[in-house]
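Novice: Can you keep this structure in mind? I'll have questions shortly.
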Amino acid sequence: MTEVLFALSIGILFGIGVFQLLRRDLIKAAIGFAILFSAINLFFVAVGAFEGDFAPYVSNVEAGRQTSDPLIQALILTAIVVSFGSFSLVLGFVNIISRRYDTVDSNDLNKLKH
Amino acid sequence: MELALFTAVPFCLALLLATPFVRTPLNKSSQTVLTSLVFAALFAWLIGMLPRVQEAGAISQTILWMPSAGISLSFYLDGLALLFGLIITGVGALIFFYAGFYFDDAQEHNRFIIWLSAFAGAMLAVVLSGNVLMMFIAWELTSITSFILIGFNGADDAAARHGAFKALLVTGAGALALIVGLVMLSAAAGQILYPEQTNRFVGDFASILQANTLHQHDWYLLFALLILLGGFTKSAQFPFHFWLPGAMSAPTPASAYLHSATMVKAGIYLFARLSPVMYPNELWTSSLLTIGLVTMLVGAYFAVKQRDLKGLLAYSTVSKLGAIVALIGLPNQSGLKAAFVAIIAHALYKSALFLVAGTIDHATGTRTISRLGGLRRKMPVMFWVTVVSALSMAGLPFLLGFLAKETLLDAMLHYSAPWTQLVMTIVILSTAFTAMAAYMLIYDVFLGRPRERLHIHQPSAWIGLGPALLAIGSLCLGLLLEPILIPVLELAVPKSFELHLFAGFNDVFLLSILILLAGFLLFLIRRSLIKRITFPLSGDAVYREFISYVEWAGTTILHAQSGFVRYYLVIILGAVAAVLILSGTLSDLVAGQQIIPPDPSVSTTDLAKVFMLFLTVAAGLLTIFVREHVKAAIAYGVIGYAIGVIFLINRAPDVALVQLLVETMATVLIIFMLGRIRADARLKVINSLWTERHDHRLGLLRDLGISIVIGLAVFVFSLNALQNRPDRHSIAEWHLANAKAVNTDDVVGAIVADFRGTDTLLEVAVFTTAALGVLTLLARGGQRRGSLAPRKAQVGVLHEFDASVVEEIQDATSLSTPFTRSVSFIVLPIAILIGVAQVLYGGSGPGDGFTAGVTIGLAVSLWYVVLGYNEAKSLLPWFRPALIVRLGLVIAIANALFPILMGKGFMGHVEYDQALGIYDIVGSFGLHITSSLIFEVAIAIAVMGGLGIIIEAIAYPTDRSQDGFETAVS
């Protein structure tokens, strides 16, 4: 079914995220960071324990319908929130770097050494 | 349970003293009285435990923590622990009282007693813990609090910093050895006690002490040496003794308490604790005896040379610790009685002397012996305290120190080995030097002529109370053997013994008097003697040498560092890629993977999924290939939306809603932030990457290679995971079946708010912490510092589209048209309505507290975009994010704690409407007022506040001064 395509997209998105992180542009690195999160969330939703044709609601269960895995959804819900929090922190870092050193090029920053 | 509470008291006291609205109303003297009363009460409680310990032998209490892993909080009170506990609390009460008059500055005093109280708690935990792991944790806590107390004045005093660092390094290194030793010990005890079970760890002392063949175990040599190393470093034994004199830069009350009466005896406590099972082996006894005797002599010898009053006391402490260690090392535990008498006597006289030294320092401003003299008239109380304590130290009959010396000599005389003569020589020499130091303390400081005209700042008379009580202890305890000392010692010493203050004119007594006289002779020739005292090698020099090697290695390694974060990332990820390829993991994964070809009969939902996946990948590639940041941000938004649609297709409406809202918010944030970053800086990096191509082609290939390998690995891994899914064997089935019990239709909502509510609580905490992080970064980190000069960028032609967007966001007026303004005015109330509906009816449809918070946050951010920071701020006076966050968190925590009162446990599910009898009334509106509903409200409020903080922090105009920022946000 669509499993191969899912895995392929996750792999490509992950590669894109890593590539962005490795480049010099800090703003794109931040975006790459967010893409990594998206790839992981996509992985989670694809890997749920079972698939179903209905949303996980009690009314659907009582009607005897096959629902999707609610636990993995709760997990992604948490993951999205936390990744958004860290993403805003990353944006804060980029912002402060640009203010302090007047650059968004990571090649201008070698302050880690001193 | 009561032992746990007992141990918790000092920690709670420390917390209480650190809490602003508790400490502010208490002035210095009430804090002094409070702390000393608390410790006096603890002391009294321990005395009250005495009959129970006498009766039961040992009280052992356990609070189960992780019973399946064999980890528990266990407490063990026997005679040994009681003895140490009495010293810790009793001396502690006096020290806390003293500290109230030692410090002039109330704030400094408060800071000091917070840490001192925390230390006292850690020390009590060391002696009361019934488990090796718990003891180890407490042991480390004492090292850390000691580090803080030694470096108490470290901000202005380099010596204090070095001393603190030295103490931490030495004791910390010993602790590393200790933990390995303790783990091996418990494994060995497990093998002995439960031979039928493999890998069983026995951590509690009560059981370890039962393993009486431990001394024959194969690993004995290793774990005994490691434990000895841990104890020797902690108790400042030769050659590790040098950290203790270095620790004298601590404020004197800390020196008296930690570095004389309690912490340095932790190693001794450990030896005494493990002695019953360890001593039958020669290695244990001879190491303790040898190291102890050497330390005893070295300490006593160096003590007399010290010109610093505290240095003298420190070295004589080292000497006494050595004597105690040697006594514990005597065969057949024959020295234990003498060791415990020495511990009590030393705690009393040495802390009194330290407190005297501190008072002198406080009054005259110096501790150098050669500058002092003739203080008797100026400080009569201190003089008499010194006379009693120093003579107790010298061992004058019939003070408590005399008893300690008698028992010491007696134990050593009865030690029959080929080298008894040598042992006795060392003991006699050391005690004679100690006596000499004691005479010097009395004569050179208090009698004699004043050598300098010192201005004396008289402290409060109360400062003398603690030292005086300690001196009275030294004076009287020897006479009160029967009622006080013997019952305590009987509990701690495993064998029956006799103890008399005066055992007749036997050889021990004569020897004792001879030593006093010899000490006096040494005292008379002290001037010429002291000059000759040298020692070829000091531990301190070795330590300095070692540190300089470490620093050399550090600078050498630094040459290999580029300082560019990006290259570290390249190395880390490159190493991951290399490992993936070289170890064969990747090829194994690929080889074991049978790719199931896509089913040709695809349904429409599958087609939609495929389309959305294609969209994500295409947009992802676009983020790389577009040059302008704004476009990349929008492409990123497309990824987020496409994934949201995939969630929707996969029957996850709740997740889809959150995803769509969050991605909108994230994209808005990126674009918002782009406006805060100077356009020329952004243009420069775009130019250098795309137009001028500064980057080497090789670097591009390298990054590309790493990303491809990692992407490939993730692909193969996901494929494995996706094709090997378990079939409906998931805990999720249970959630589906039980969601009805919490009155929710939406199972995902039920998991988030009820079944896994604690996780959600933590998640909200993480989110608000991240928001606070953004606030702190942007509020505090904005000052331009460092040597990197602002680069005058060679700005080329601004890219047209890019520039216009930047300008629009930087200068919000162009966005603020009548139309956009009215839209934003309308959107906010609607968003609030939607939010309220999502919270109230989240149980029966998609949406929950989080989405409600984000919805309202989005509407607010629209105001900031359209109206600009100032106008939005003035039009939304009620929107105070910091307050809103606090409100949300408080409601969430209260809601989590309240069910405990109802007997439902933390985060339990409570149906408030049924409890209040309004079920039918609210039910007619389709509502259920439950703890989950209140939790959702709390989440909505907290998230709204957190987002508000982030938005305000990022939207705050950068051209203004940073000072007004904090007030602007809070």
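Novice: So which residues in segment B:556-586 are more than 10 Å from every other protein chain (Cβ to nearest Cβ), of a type in the set (Ser, Thr, Tyr) and either touching a residue at least 40 places away in the same chain (Cβ under 8 Å) or not in a loop (DSSP other than H, G, I, E, B) (or both), if there are any at all?
Specialist: Matches in segment B:556-586: B:THR556, B:THR585.
Novice: Looking at the structure I just gave you, is B:PRO877 assigned to a helix (DSSP H, G or I) and surrounded by fewer than 18 Cβ atoms within 10 Å (Cβ to Cβ)?
Specialist: Criteria not met by B:PRO877.
Novice: Sticking with this structure for a sec: State which residue pairs qualify: first residue over 22 Å from B:LYS310 (Cβ atoms) and inside segment B:425-439, second residue not in a helix (DSSP H, G or I) in any location, beta carbons under 6 Å apart, and separation of 6 or more residues or different chains.
Specialist: Filtered contacts from segment B:425-439: no entries.
Novice: What is the one condition in (1) modelled with pLDDT of 85 or more; (2) under 29 Å from the mean Cα position of the chain (by Cα) that B:ASP540 does not satisfy?
Specialist: The single condition B:ASP540 does not satisfy is (1).
Novice: Being in contact with a Ser or Thr (Cβ under 7 Å, 6 or more places away or on another chain) and buried (at least 24 other Cβ atoms within 10 Å of the Cβ) narrows it down to one of B:VAL885, B:VAL866, B:VAL854, so name that one.
Specialist: Every option except B:VAL885 fails the conditions.
Novice: Out of the helices (runs of 4 or more DSSP H) lying entirely within segment B:630-724, which hold 2 or more residues that are within 30 Å of B:THR604 (Cβ to Cβ), facing another protein chain (nearest Cβ under 9 Å) and in contact with a helix residue (DSSP H, G or I) (Cβ under 9 Å, 6 or more places away or on another chain)?
Specialist: B:653-674, B:697-723
Novice: Look through B:ILE137, B:ILE148 and report the one residue that is within 20 Å of the chain's Cα centre (by Cα), within 16 Å of B:SER255 (Cβ to Cβ) and without any contact (Cβ under 8 Å) to a residue 40 or more places away in the chain.
Specialist: Within the list B:ILE137, B:ILE148, the selection yields B:ILE148.
Novice: Is it the case that B:HIS346 is under 33 Å from the mean Cα position of the chain (by Cα) and open to solvent by 10 Å² or more (accessible area, probe 1.4 Å)?
Specialist: Considered against the rule, which asks whether it is under 33 Å from the mean Cα position of the chain (by Cα) and open to solvent by 10 Å² or more (accessible area, probe 1.4 Å), B:HIS346 comes out as no.
Novice: Between a first residue in segment A:85-114 that is within 7 Å of chain B (Cβ to nearest Cβ) and a second residue that is open to solvent by 40 Å² or more (accessible area, probe 1.4 Å) and at pLDDT 85 or above, which pairs have beta carbons less than 7 Å apart while being 6 or more apart in sequence or on different chains?
Specialist: Listed by first residue and then by second, the contacts come to A:GLY85/B:VAL766; A:PHE87/A:PHE33; A:PHE87/A:PHE37.
Novice: Take the conditions more than 39 Å from the chain's Cα centre (by Cα) and not aliphatic (A, V, I, L, M) and apply them to B:HIS457. Does it pass?
Specialist: No: the conditions fail for B:HIS457.
Novice: When segment B:381-400 is examined, which residues are found to be in a helix (DSSP H, G or I) and either among the aliphatic types (A, V, I, L, M) or farther than 16 Å from B:MET440 by Cβ (or both)?
Specialist: B:VAL381, B:MET382, B:TRP384, B:VAL385, B:VAL387, B:VAL388, B:ALA390, B:LEU391, B:MET393, B:ALA394, B:LEU400
Novice: State whether one or more residues within segment B:869-880 are under 14 Å from B:ALA940 (Cα atoms), under 36 Å from the mean Cα position of the chain (by Cα) and at pLDDT below 90.
Specialist: Scanning segment B:869-880 turns up no residue that is under 14 Å from B:ALA940 (Cα atoms), under 36 Å from the mean Cα position of the chain (by Cα) and at pLDDT below 90.
Novice: Between a residue in segment B:195-214 that is free of Cβ contacts under 8 Å to residues at least 24 places away in the same chain and any residue that is of a type in the set (S, T, N, Q) and open to solvent by less than 60 Å² (accessible area, probe 1.4 Å), which pairs come within a Cβ distance under 8 Å, given they are 6 or more apart or on different chains?
Specialist: Note: pairs meeting the criteria are B:VAL202/B:SER186.
Condition check ((1) touching a strand residue (DSSP E or B) at 6+ places or on another chain (Cβ under 6 Å); (2) open to solvent by 10 Å² or more (accessible area, probe 1.4 Å); (3) within 19 Å of B:PHE136 (Cα to Cα)) across all residues:
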{"site": "B:ARG161", "(1), (2), (3)": "no, yes, no"}
{"site": "B:ALA173", "(1), (2), (3)": "no, yes, yes"}
{"site": "B:GLN191", "(1), (2), (3)": "no, yes, no"}
{"site": "B:ASP204", "(1), (2), (3)": "yes, yes, yes"}
{"site": "B:ILE227", "(1), (2), (3)": "no, no, yes"}
{"site": "B:LYS234", "(1), (2), (3)": "no, no, yes"}
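Novice: When you check B:ALA303 against the structure, is it at pLDDT below 90 and buried (at least 24 other Cβ atoms within 10 Å of the Cβ), yes or no?
Specialist: It is true that B:ALA303 is at pLDDT below 90 and buried (at least 24 other Cβ atoms within 10 Å of the Cβ).
Novice: Related question: When you scan segment B:466-508, how many residues do you find that are part of a helix (DSSP H, G or I) and open to solvent by less than 70 Å² (accessible area, probe 1.4 Å)?
Specialist: 17
Novice: Same structure, new question: Mind listing whichever residues of segment B:306-343 are closer than 20 Å to B:ALA492 by Cα, open to solvent by 10 Å² or more (accessible area, probe 1.4 Å) and outside any helix (DSSP H, G or I)?
Specialist: Scanning segment B:306-343 gives a single hit, B:SER334.
Novice: Hey, does segment A:67-76 have a residue that's over 26 Å from B:LYS740 (Cα atoms), surrounded by fewer than 24 Cβ atoms within 10 Å (Cβ to Cβ) and more than 7 Å from chain B (Cβ to nearest Cβ)?
Specialist: no
Novice: Of all residues in segment B:98-124, count the ones that are closer than 30 Å to B:GLY174 by Cα and either outside any helix (DSSP H, G or I) or open to solvent by 10 Å² or more (accessible area, probe 1.4 Å) (or both).
Specialist: So the answer is 4.
Novice: Would you please list the contacts, defined by Cβ atoms under 9 Å and residues six or more apart or on different chains, that run from a residue in segment B:12-33 that is more than 22 Å from B:ALA122 (Cα to Cα) and part of a helix (DSSP H, G or I) to a residue that is open to solvent by 40 Å² or more (accessible area, probe 1.4 Å) and among the charged types (D, E, K, R)?
Specialist: From segment B:12-33, the pairs are B:LYS28/B:ASP105.
Novice: Give me the residue from segment A:13-61 that is β-branched (Val, Ile, Thr) and in contact with a Gly (Cβ under 6 Å, 6 or more places away or on another chain) and, out of that set, nearest to the other protein chains (Cβ to nearest Cβ).
Specialist: The qualifying residue nearest to the other protein chains (Cβ to nearest Cβ) is A:ILE16.
Novice: On to the next question. With the requirement that a residue be open to solvent by less than 100 Å² (accessible area, probe 1.4 Å) and in contact (Cβ under 8 Å) with a residue 60 or more places away in the chain, what does segment B:215-224 give you?
Specialist: B:HIS215, B:TYR220, B:ALA224
For every residue, the table says whether it meets (1) in contact with a Cys (Cβ under 6 Å, 6 or more places away or on another chain); (2) over 24 Å from B:LEU777 (Cβ atoms); (3) in a helix (DSSP H, G or I); (4) open to solvent by 10 Å² or more (accessible area, probe 1.4 Å).
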position: A:ALA34; (1), (2), (3), (4): no, no, yes, no
position: A:SER38; (1), (2), (3), (4): no, no, yes, no
position: A:VAL45; (1), (2), (3), (4): no, yes, yes, yes
position: A:ASN60; (1), (2), (3), (4): no, yes, yes, yes
position: A:ILE80; (1), (2), (3), (4): no, no, yes, no
position: A:SER86; (1), (2), (3), (4): no, no, yes, yes
position: A:ILE96; (1), (2), (3), (4): no, no, yes, yes
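Novice: State all residues of segment B:735-746 that are at the interface with chain A (Cβ under 9 Å from one of its Cβ atoms) and either modelled with pLDDT of 85 or more or surrounded by fewer than 17 Cβ atoms within 10 Å (Cβ to Cβ) (or both); if no residue qualifies, say none.
Specialist: B:ALA737, B:LYS740
Novice: What's the number of the only condition in (1) more than 18 Å from B:ALA770 (Cβ to Cβ); (2) modelled with pLDDT of 75 or more; (3) open to solvent by 10 Å² or more (accessible area, probe 1.4 Å) that B:ILE941 fails to meet?
Specialist: Against the list (1) more than 18 Å from B:ALA770 (Cβ to Cβ); (2) modelled with pLDDT of 75 or more; (3) open to solvent by 10 Å² or more (accessible area, probe 1.4 Å), B:ILE941 comes up short only on (1).
Novice: So, one more: Criterion first (open to solvent by 20 Å² or more (accessible area, probe 1.4 Å), within 30 Å of B:GLY464 (Cα to Cα) and at pLDDT 90 or above) does B:ALA40 satisfy it?
Specialist: Considered against the rule, which asks whether it is open to solvent by 20 Å² or more (accessible area, probe 1.4 Å), within 30 Å of B:GLY464 (Cα to Cα) and at pLDDT 90 or above, B:ALA40 comes out as yes.
The values are calculated or read from the model by the stated rules, or taken from the named source; none is laboratory data. The shown structure was predicted, so the numbers you read here are calculated from the model rather than taken from an experiment. Ideal geometry is used to build each Cβ from the backbone, glycine not excepted, and the neighbour counts take in all protein chains shown. What goes into the accessible areas is simple: the full protein's heavy atoms, side chains included, and nothing from ligands, DNA or RNA. Shrake-Rupley method; radii C 1.70, N 1.55, O 1.52, S 1.80 Å.
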